[in-house]
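One structure is given here, and the rest of the page talks about it.
The values are calculated or read from the model by the stated rules, or taken from the named source; none is laboratory data. Since we're looking at a predicted model, the values are computed, not measured. As a convention, Cβ positions derive from the backbone with ideal geometry for all residues, glycine included, and neighbour counts pool all protein chains shown.
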Amino acid sequence: MRKSTGHLPIHQFPLHLCFNQVSMIENNELAMNMQSQLSFEQFRKEVLSDFRLACISREVSLLGRREVLTGKAKFGIFGDGKEIAQIAMAKYFKPGDFRSGYYRDQTFAFASGIATVEQFFSQLYADPDINHDPFSAGRQMNSHFSTSNIDMEGNWLNLASMKNSAADMAPTAAQMPRALGLAYASKLFREVPELQQYEHLSRNGNEVCFATIGDASTSEGHFWETMNAAGVLQVPLVVFVWDDGYGISVPKKYQTTKGSISTALEGFRKTENTNGFEIYNVKGWDYAGLCETFEEGIRKARETHVPVLFHVEEITQPQGHSTSGSHERYKSRERLAWEKDFDCNRKMRQWLLENALADDAALQQIEAEAKVIAQEGRKNAWDKYIAPIKDQVQLFLERCQAILDEGRGDVAYVSQLMQEIAANREPQRRDILKSAFGIIFRHPRNFSGALDEMQLYYDNLLLQEKENYNTFLHATGANSALEVPEVPAEYAEDAQMLNGYEILNKYFDQLFSYHPLVFAFGEDVGKIGDVNQGFAGLQQKHGKERISDTGIRELTIMGQGIGMALRGLRPIAEIQYLDYMLYGLQPLSDDVASLQYRTKGTQFCPIIVRTRGHRLEGIWHSGSPMGMIINSLRGIHICVPRNMVQAAGMYNTLLQAHEPAIVIESLNGYRLKERLPENLKEFTVPLGIPEVLHEGSDITIVSYGSTLRIIEEAMQILDQQGISCELIDVQTLLPFDIHHSIVESLKKTNRILFVDEDVPGSGTAFMFQHVMEKQGGYRYLDVAPRTLAAQPHRPAYGTDGDYFSKPNVEDVVKVVLEMIRE
Ligand SMILES: Cc1ncc(C[n+]2csc(CCOP(=O)(O)OP(=O)(O)O)c2C)c(N)n1
Ligand SMILES: [Mg+2]
């Protein structure tokens with residue numbers, strides 16, 4: 001059969017491509033020959049089709065750069081030089097698989113059907129129509145792909161039959177932590193019998209996560225932490241390092257020990273009796289070698305869940321890094337010449353000719369067709385992008401004409417703006433809005449009918465564009481946590497009084513009994529059931545996959561959770577102490593918090609991060625960095641339950657929606673007694689709804705978490721002085737008091753104090769701004785509103801350290817007295 005391939009040195013074939021198609025007909029040589037001829041023809045067709053796609057993608061890169069340089073797009077970053085490797089890689093990307101990549105992957109996106117040429121250009125033009133740029137509705141730079149995972153009714157799509165891509169990000173190596181979770185989910189789907197029923201999410205954990213990363217980005221800690229965790233966990237993660245020798249201008253020798261990521265990783269290589277991962281080296285221009293190597297490595301990852309790293313070397317950047325600058329500034333003449341010779345498309349062309357798979361004329365024809373296809377895609381995308389803007393221009397000009405016809409306004413000014421807009425061949429929405437505003441602003445209010453029309457037009461347009469540019473920070477409708485109905489906690493008359501941690505323990509036990517998609521993991525979460533015993537005994541009961549220990553690696557614990565959540569699981573990913581949130585903050589901020597926004601509500605990541613914080617002991621176990629969290633995590637719900645019953649109710653709420661959240665339990669609340677609700681697994685605590693804990697008439701005190709207990713103590717002292725405080729627990733900082741209930745309290749008391757244990761000007765200032773500005777609270781003040789926070793330094797160790805660092809009972813009493821006496 002091999003002989004029948006004729007002209008080709010057989011070792012150069014990606015043989016599986018021929019043989020995949022062939023069904024063996026034993027003892028029938030003629031039939032076998034025919035069959036193999038046929039398969040050779042199929043093979044040749046596939047190879048030429050690959051070359052064609054490589055040419056199209058290259059044309060897209062060349063055209064894309066031109067579009068930026070001529071001003072039609074703002075910035076461009078392209079995948080030229082990586083075409084062949086990505087076409088080879090896409091051959092083994094199956095339905096159910098996930099990509100977690102970066103901005104060089106356009107050819108892979110084309111080859112796998114994740115993107116079309118036209119969609120690529122729509123994103124380049126920043127077209128805000130989600131039907132044109134389905135990845136980001138113009139919100140992301142070009143080459144940032146994504147696919148949807150949940151529909152608007154809150155149903156998971158059939159991910160197992162789709163080719164999936166997590167939504168790309170620009171920060172280098174940011175795709176790595178979640179890649180771990182995307183792969184880890186396969187392990188769970190294969191190993192946890194209760195998950196077999198979710199056929200729309202996985203087929204026996206056969207799905208592989210394809211991560212791509214540039215050579216220079218492997219210098220990031222994200223890469224190393226992910227690779228180590230993958231080696232430990234043994235998950236089907238395949239990592240492709242596109243090694244083009246540079247990170248913008250900085251060459252490998254300044255990036256990587258020994259100048260080679262595969263050499264540096266040698267100690268991670270799996271051997272017969274160890275964990276670790278497989279490492280392959282392959283050249284980025286060697287089509288046949290790439291196909292064979294990828295086929296073998298990816299099959300291994302899929303079948304055995306052993307991770308794989310492909311170090312794809314000798315890759316080039318024909319146009320340099322991006323449209324910002326040229327590579328002639330930092331590459332030597334020799335390097336530039338080498339890049340020309342080793343250009344992967346050129347190499348593939350040579351290989352096709354050498355092996356007589358096509359003649360020069362045939363290849364020229366393919367190249368010419370590729371140009372046309374890229375041009376057509378570009379043109380269609382531009383026409384679709386510009387059409388609605390042109391319509392707006394037309395409407396605007398009509399409004400202007402009406403002003404001219406009326407003859408009352410500043411006719412010269414209006415005519416001038418009309419001319420400018422009409423002459424603009426590439427108008428932006430901004431240009432129309434600015435001109436309309438200019439005209440409105442130039443005339444007194446209610447000046448004339450035509451100007452009123454212009455005002456109306458302006459207001460409507462602004463509203464319409466807000467939908468394009470300012471929506472989907474959070475999920476809406478069935479996916480939103482704010483839509484979850486409130487179910488109050490119910491208590492028996494003789495309700496048990498339990499320690500906070502025991503309440504949580506009972507809660508998690510019930511949760512894990514009825515909800516097979518929930519998984520909890522983190523440092524010390526498995527065997528000992530977390531440092532405060534919320535999961536004590538539960539791993540033994542529910543299984544070591546359901547509740548598991550991880551390494552000390554907050555960044556990739558977050559990534560593990562993110563990837564799992566993208567695949568339909570409901571991870572509770574634990575950060576052991578709130579102070580260590582900083583280690584896991586980057587993926588939460590760049591990836592999770594921006595996900596709804598950057599995909600315009602099409603990709604969901606309902607991760608729940610569980611942590612514990614506020615006051616306990618010392619500099620790294622007492623932090624309450626709420627300002628840091630709420631300011632970096634807009635897009636994530638931030639729950640600050642005062643006790644463990646409230647925490648359980650919040651978990652229930654969150655698990656009914658598809659939004660990400662952080663639940664910060666009170667470190668000093670685990671041993672406080674609480675009543676056990678009867679409907680532990682049903683009751684919900686609504687988000688964004690403060691609770692009045694004590695009614696009062698002289699002052700409103702607003703706080704959350706463990707400071708509420710400090711305030712309650714202070715209130716007893718104040719009560720003795722006849723001062724009546726209304727105490728409000730905000731319950732969640734994001735969202736914050738969605739119905740503006742706090743201002744209602746202020747209307748009654750006319751004094752307000754915001755208390756927390758964050759640094760001054762942080763969490764308290766956030767609450768202050770909401771109530772004063774958004775709720776108009778300033779109108780109801782008799783005295784200056786105040787904030788009481790911790791000291792600006794980190795909290796010192798010991799009881800006195802706590803006393804002098806965090807707001808204490810006496811501090812609260814003093815501030816309230818000052819306010820009452822003012
Ligand atoms: C965290 C972070 N730091 C810096 C940058 C700016 N930056 C963008 S791409 C890049 C170089 C990446 O090089 P490499 O990983 O080799 O990928 P290549 O572009 O060469 O494919 C840098 C420094 C960034 N996007 N993110
Ligand atoms: Mg590079």
Within the range 124-159, can you find the residues that are surrounded by 22 or more Cβ atoms within 10 Å (Cβ to Cβ) and either within 16 Å of ligand 2 (Cβ to nearest atom) or among the hydrophobic types (A, V, I, L, M, F, W, C) (or both)? Leu124, Phe135, Ala137, Ser143, Phe145, Ile150, Leu159
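Has the range 281-288 got at least one residue that is in a loop (DSSP other than H, G, I, E, B), assigned by TED's automatic domain parsing to the domain that holds Arg203 and within 16 Å of ligand 1 (Cβ to nearest atom)?
Here is the first cut: in the range 281-288, the ones in a loop (DSSP other than H, G, I, E, B) are 284-286.
Add one more test, that the residue is assigned by TED's automatic domain parsing to the domain that holds Arg203, and what stays is 284-286.
Now restrict to residues that are within 16 Å of ligand 1 (Cβ to nearest atom): 284-285.
Checked the range 281-288: at least one residue is in a loop (DSSP other than H, G, I, E, B), assigned by TED's automatic domain parsing to the domain that holds Arg203 and within 16 Å of ligand 1 (Cβ to nearest atom).
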Subset of the range 426-451, residues charged (D, E, K, R) and either on the phi > 0 side of the Ramachandran plot or buried (at least 16 other Cβ atoms within 10 Å of the Cβ) (or both), comes to Arg429, Asp431
Which listed residue is closer than 19 Å to Leu595 by Cβ and either more than 16 Å from ligand 1 (Cβ to nearest atom) or modelled with pLDDT of 95 or more (or both), from Ser100, Ser112, Ser122: Ser100
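Residues in the range 562-579: is at least one in a helix (DSSP H, G or I) and either touching a His at 6+ places or on another chain (Cβ under 8 Å) or at pLDDT below 95 (or both)?
Kept after step one, since they are in a helix (DSSP H, G or I), are these residues of the range 562-579: 562-566, 578-579.
Next, only the ones that are either touching a His at 6+ places or on another chain (Cβ under 8 Å) or at pLDDT below 95 (or both) stay: 578-579.
Within the range 562-579, one or more residues are in a helix (DSSP H, G or I) and either touching a His at 6+ places or on another chain (Cβ under 8 Å) or at pLDDT below 95 (or both).
For the range 341-349, does any single residue satisfy the condition of being modelled with pLDDT of 95 or more, within 34 Å of the chain's Cα centre (by Cα), part of a helix (DSSP H, G or I) and buried (at least 19 other Cβ atoms within 10 Å of the Cβ)? Show your work before the answer.
Here is the first cut: in the range 341-349, the residues modelled with pLDDT of 95 or more are 341-349.
Within this subset, residues satisfying the condition of being within 34 Å of the chain's Cα centre (by Cα) are 343-345.
Now drop any that are not part of a helix (DSSP H, G or I), which leaves 344-345.
Still in the list and also buried (at least 19 other Cβ atoms within 10 Å of the Cβ): 344-345.
Scanning the range 341-349, I find at least one residue that is modelled with pLDDT of 95 or more, within 34 Å of the chain's Cα centre (by Cα), part of a helix (DSSP H, G or I) and buried (at least 19 other Cβ atoms within 10 Å of the Cβ), so the answer is yes.
Filter the range 206-243 down to the residues that are in a loop (DSSP other than H, G, I, E, B) and surrounded by fewer than 24 Cβ atoms within 10 Å (Cβ to Cβ) and list them by number. Write out each step before concluding.
To start, the set of residues in the range 206-243 that are in a loop (DSSP other than H, G, I, E, B) comprises 206-208, 215, 220, 234-236, 243.
Of everything in the range 206-243, those that are in a loop (DSSP other than H, G, I, E, B) and surrounded by fewer than 24 Cβ atoms within 10 Å (Cβ to Cβ) turn out to be Asn206, Glu220, Gln234.
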Does at least one position in the range 172-186 carry a residue that is within 16 Å of ligand 2 (Cβ to nearest atom), surrounded by fewer than 19 Cβ atoms within 10 Å (Cβ to Cβ), part of a loop (DSSP other than H, G, I, E, B) and of a type in the set (A, V, I, L, M)? no
Scanning the range 244-278 residue by residue, those crowded, with 21+ Cβ neighbours inside 10 Å, away from ligand 2 (no atom under 15 Å from the Cβ) and aliphatic (A, V, I, L, M) turn out to be Leu265
Thr257 more than 14 Å from ligand 1 (Cβ to nearest atom) and out of contact with any strand residue (DSSP E or B) (no Cβ under 9 Å at 6 or more places or on another chain): yes
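Could you tell me which of the residues Leu654, Leu633, Leu687, Leu693 is more than 26 Å from Met819 (Cα to Cα) and surrounded by fewer than 24 Cβ atoms within 10 Å (Cβ to Cβ)?
Working: Leu654 fails: surrounded by fewer than 24 Cβ atoms within 10 Å (Cβ to Cβ); Leu687 fails: surrounded by fewer than 24 Cβ atoms within 10 Å (Cβ to Cβ); Leu693 fails: more than 26 Å from Met819 (Cα to Cα).
Within the list Leu654, Leu633, Leu687, Leu693, the selection yields Leu633.
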Would you confirm whether or not the range 292-299 contains a residue that is of a type in the set (S, T, N, Q), in contact (Cβ under 8 Å) with a residue 12 or more places away in the chain, assigned by TED's automatic domain parsing to the domain that holds Gln175 and more than 16 Å from ligand 1 (Cβ to nearest atom)? yes
Across the range 581-613, the tally of residues that are among the aromatic types (Phe, Trp, Tyr) and either under 19 Å from Phe223 (Cβ atoms) or in contact with a Phe, Trp or Tyr (Cβ under 8 Å, 6 or more places away or on another chain) (or both) stands at 2
Selection count, the range 222-253, where residues are within 16 Å of ligand 1 (Cβ to nearest atom) and under 28 Å from Gly584 (Cβ atoms): 13
Would you check if Gly64 is part of a loop (DSSP other than H, G, I, E, B), touching a Lys or Arg at 6+ places or on another chain (Cβ under 9 Å) and buried (at least 24 other Cβ atoms within 10 Å of the Cβ)? no
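So that you can scan it fast, the table gives a plain yes or no per residue for (1) more than 25 Å from Ser480 (Cα to Cα); (2) assigned to a strand (DSSP E or B); (3) under 27 Å from the mean Cα position of the chain (by Cα):
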| position | (1), (2), (3) |
| --- | --- |
| Ile662 | no, yes, yes |
| Glu674 | yes, yes, no |
| Lys681 | no, no, no |
| Gly696 | yes, no, no |
| Glu712 | yes, no, no |
| Gln716 | yes, no, no |
So which pairs qualify, if the first residue must be in the range 87-98 and farther than 10 Å from Cys291 by Cα, the second must be surrounded by 23 or more Cβ atoms within 10 Å (Cβ to Cβ) and aromatic (Phe, Trp, Tyr), the Cβ gap must be under 9 Å, and the two must be at least 6 apart or on different chains? Phe93/Phe108; Phe93/Phe210; Asp97/Phe210; Phe98/Phe210
Looking for something under 15 Å from Gly559 (Cα atoms), away from ligand 1 (no atom under 16 Å from the Cβ) and of a type in the set (Phe, Trp, Tyr) - is there at least one such residue anywhere in the range 186-198? no
Tell me, yes or no, whether the range 43-55 has at least one residue that is modelled with pLDDT of 95 or more, in contact with a Gly (Cβ under 6 Å, 6 or more places away or on another chain), surrounded by fewer than 23 Cβ atoms within 10 Å (Cβ to Cβ) and over 26 Å from Met162 (Cβ atoms). no
Residue by residue through the range 637-660, note down the ones that are part of a helix (DSSP H, G or I) and polar (S, T, N, Q). Gln646, Asn652, Thr653
Name every residue in the range 304-329 that is more than 15 Å from ligand 2 (Cβ to nearest atom), modelled with pLDDT of 95 or more and assigned to a loop (DSSP other than H, G, I, E, B), in order of residue number. His305, Val306, Pro307
